[in-house]
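The values are calculated or read from the model by the stated rules, or taken from the named source; none is laboratory data. Given the structure is predicted, the values throughout are model-derived calculations rather than measurements. Note that we place each Cβ from the backbone using ideal geometry, even for glycine, and neighbour counts take in every protein chain shown. Only protein heavy atoms, including side chains, enter the accessible area calculation; ligands, DNA and RNA are left aside. Shrake-Rupley method; radii C 1.70, N 1.55, O 1.52, S 1.80 Å.
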Amino acid sequence: MANSESEDFESADEGIVSKSQEGSSQLSTSAASSASLIGHADSETASTASSKKETLDQSHGDFVPLAPVNPESLGAKPKMPLTGRGKSYSKHRSNINNADTSDSVVPSSNDPINQAPSRKGRSGSNKLGVKISPSAVVKSELGPPDSNKCKGNTDSPWSNNLSNLNANEENQDVHDSFQPLLDKLASLDCVEASDEVIDTTTDKAVSNWGSWGSWGMNTILSGASSVSSHVTQSLSTMSSVIESGLGAVEPEEMAKLSVEEAKPRPPKPIDTAQGNPAFSDQASSSFNVMGNVLKFVESTGEMIVSSGLNTLETIGKKTMDVLQEGDPGLKRKRALFSREPDKPTLSQILKEARNRGELEDRERAQAKKATRAHFETLFDDYKGMIHLEALEMLSNTCQLKLEAKLVALSGTPLVEFQRKLIQIKEKCDIPDDDEDEEEDRGTIDILERDLTAAMRGLLVPVSHTKLIRVSEDTDTWLATMRCIQDEDSQNDNDEWVDEEEVSEETDPQNALREIHQQAIRALARFTAAVAEHFHKTAELLLLKEEHDSLLECQSVVMMTSALCSRVSSVAARFSELLSASANMLDSTQVDHNDVNLLITNVFLEASNSSSYIQDASLLLIPVLQLGAVQ
Amino acid sequence: MSYAYLFKYIIIGDTGVGKSCLLLQFTDKRFQPVHDLTIGVEFGARMITIDGKQIKLQIWDTAGQEAFRSITRSYYRGAAGALLVYDITRRETFNHLTTWLEDARQHSNSNMVIMLIGNKSDLETRREVKKEEGEAFAHEHGLIFMETSAKTAANVEEAFINTAKEIYEKIQEGVFDINNEANGIKIGPQHSPTNASLPSSGQGAGQGGGCC
């Protein structure tokens, strides 16, 4: 990939260098060596568009030798009549001159920018061969009056048309169509022959068109048409010409033109050289099809296409120049694109990244799986930890306040104060004699009853709905699981249902893990709700104005034991579910040690949960004490 | 979700200035026009990324009511950042700023980054406190200042994140001792728990081991 790209770069790079060569190779068929000079001049002008003035001077300098060349290539005839013209015609003379050169001097077509018009010219010259010389004479006669006319009317289409006719039609046609005009114009000025004047003409033309630089120069050299002078003098004129012109040009013609334009661009000189004869045939044949009226339209189209391509070409060359600035031959840039052998390839990097990503995903999934059954993490996620932390801060503040009060006291009040504190602490001791209560204390009904009673005793507006809701969720889940189990055991006899169920439980171990996870989650969620409940209770106890401390203590104890009972009840039910599920499975399918471990873990986390709850209730003691001594 | 640091924030300010709404907008990206009165403190948490590091913001949204003042003071301790909020449509909430600031400075560590927030910037027509006044107050007391709207979410993210950036810079400068949790900064767990063990809490759990 990279190699071929760099090769492309190379070839493109060489393409520009070879353009002048290409031009000269084309020319060698029809024109003299001076043509290659012009070709050079053109490519230079286009490439150094930034320094327009210079280029103009340069191309002008190159143009000077052109004058003597023309007669050489065309049998020395056409130039002679042109000489000795007044300077007043210079501008339009140059157009005529262009027409001449397009006929006679193909060299200008070196520059790929102006291929279309110049080709026309060339094709004309090729085809007409010797005939051109008379036509050139006609033109030379035609020239001055025409330019006069143009000067007066600024009727560029006219002159354009004329020049095209001159270039491509039979002499007779030209004579016929323009005889009256020619006669009339011929009387206006005389035709003088002098090489000097040609120079001045060119000079003048260059200075006139100087503002648009290389493009104008190319036009002069190619001599496509004189319409350019007007078209380019104002953009608005141009756009209008484009509109009218393009509208009339046949799409086929346009397409052909652009194809022809594009041809010399690929940097293979052989192609263009080969393409030339066929191309000129095409061009001439299509030209014949066109009527007189269409000629103007066609030339305008050519102009537009060529000027557009000119611009593109200039941009392209400019880009290459910028690219090559300080980096001749694009060596450094090519090195940038080429691959270093020790560097890893993109595909390798991508492969490694994918592997790494997969590994990370696996690890993350494992960690997630572990987290799902991790009590502390879940407890934290359910905001249990932070509520406990806040409760602890509150408790510490109360403790500090109590100590401050204690320090301020002495004597009997101090004893009385201490007695109160101890009394409350004792009242808050949670009896751990749950053995006698055989009734199922863990049900939601009992829990709700106890909680309601406790809150009534505490006289704080803390709602226990969250605790109840969490408990209900757990019960619902357990009930659902039990239902499924019952169905399973019932369906053991019905083989067809059994098979269906088996496919669902492909991994019995996973089903057990699922129950275990659910158990831990339920415990963590419940404990977190308890932590929040205790925290809110503490906050509101601190806001309370009057306290019945003993009742409060009783209520806290009642609440704590109710909540702890609930926790053990939940743990027990999950354990039952786990063992029941394990029993339903074959001993071959499940390792009973694993099941026991799961069950143990559920009980372990349940005791963990109870510890949190009891800790929370202990944190309430300073709060209650502070209430008691206020 | 593992994190590099955990920053504790507190949001303080008069009741009804929109503290809880700011938190809700930041954590849940939604706005609730009618909000229950906060009892004591509520919590919110969100992960943010600063300098390529995951930082968990643990936000303590305190009750603004005067009655809870003594309680909420207990929660200031150990906060790394504080958002001191007033309502631009109620002059008195701006006037109370000094008291809040004194409270915050007294009950928290001196390095705590405090961001002054003029909330409800969407209610431009009812504005009573000019932005310049807020800026001046912030400048005078060395606070960062921002006007926000919990309703339109304007500047809400910025307020929380800029505070975190300031804290993070202080950590980089060594102003905060990250090993002292009283500064409100915790270093995240180095390793997330793996399935190799089910670590049990130290509290009350006599039996060791685990399963799976």
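Determine, yes or no, whether A:Glu416 is open to solvent by less than 90 Å² (accessible area, probe 1.4 Å), assigned to a helix (DSSP H, G or I), in the same structural domain as A:Leu619 (by the TED database) and closer than 30 Å to A:Arg521 by Cβ.
When the stated conditions are applied, A:Glu416 does not pass them.
Evaluating B:Ala79 against the criteria (1) more than 28 Å from B:Ser2 (Cα to Cα); (2) buried (at least 23 other Cβ atoms within 10 Å of the Cβ) leaves one unmet condition, (1). Tell me, please, whether a residue that is open to solvent by less than 10 Å² (accessible area, probe 1.4 Å) and either over 23 Å from A:Ile386 (Cα atoms) or away from chain B (no Cβ under 13 Å) (or both) can be found in region A:540-554. Yes, that holds for at least one residue. Can you tell me which residues in region A:453-478 are among the β-branched types (Val, Ile, Thr) and open to solvent by less than 30 Å² (accessible area, probe 1.4 Å)? Those that are among the β-branched types (Val, Ile, Thr) and open to solvent by less than 30 Å² (accessible area, probe 1.4 Å): A:Val460, A:Val462, A:Ile468, A:Val470, A:Thr474. Whenever a residue of region B:36-55 is among the basic types (Lys, Arg), its partners that are part of a loop (DSSP other than H, G, I, E, B), lying with C-beta atoms within less than 7 angstrom and at least six residues away or across chains, give the pairs B:Lys53/B:Ala4.
Being away from chain B (no Cβ under 11 Å), within 55 Å of the chain's Cα centre (by Cα) and among the aliphatic types (A, V, I, L, M) narrows it down to one residue among A:Ala628, A:Ala529; which is it? Spell out how you get there, then give the answer.
Details: A:Ala628 fails: within 55 Å of the chain's Cα centre (by Cα).
Being away from chain B (no Cβ under 11 Å), within 55 Å of the chain's Cα centre (by Cα) and among the aliphatic types (A, V, I, L, M) holds for just one of A:Ala628, A:Ala529, which is A:Ala529.
For region A:343-350, check the following and say yes or no: at least one residue is at pLDDT below 75 and farther than 30 Å from A:Ser607 by Cα. Yes, region A:343-350 contains at least one residue that is at pLDDT below 75 and farther than 30 Å from A:Ser607 by Cα. Scan region B:73-91 for residues that are away from chain A (no Cβ under 14 Å), without any contact (Cβ under 8 Å) to a residue 60 or more places away in the chain and in contact with a helix residue (DSSP H, G or I) (Cβ under 8 Å, 6 or more places away or on another chain) and the total you get is 2. For region B:82-104, how many residues meet the condition of being closer than 17 Å to B:Ser70 by Cβ and in a helix (DSSP H, G or I)? Here the count works out to 5. Summed over region A:483-520, residues that are modelled with pLDDT of 50 or more, open to solvent by 90 Å² or more (accessible area, probe 1.4 Å) and in a helix (DSSP H, G or I) total 2.
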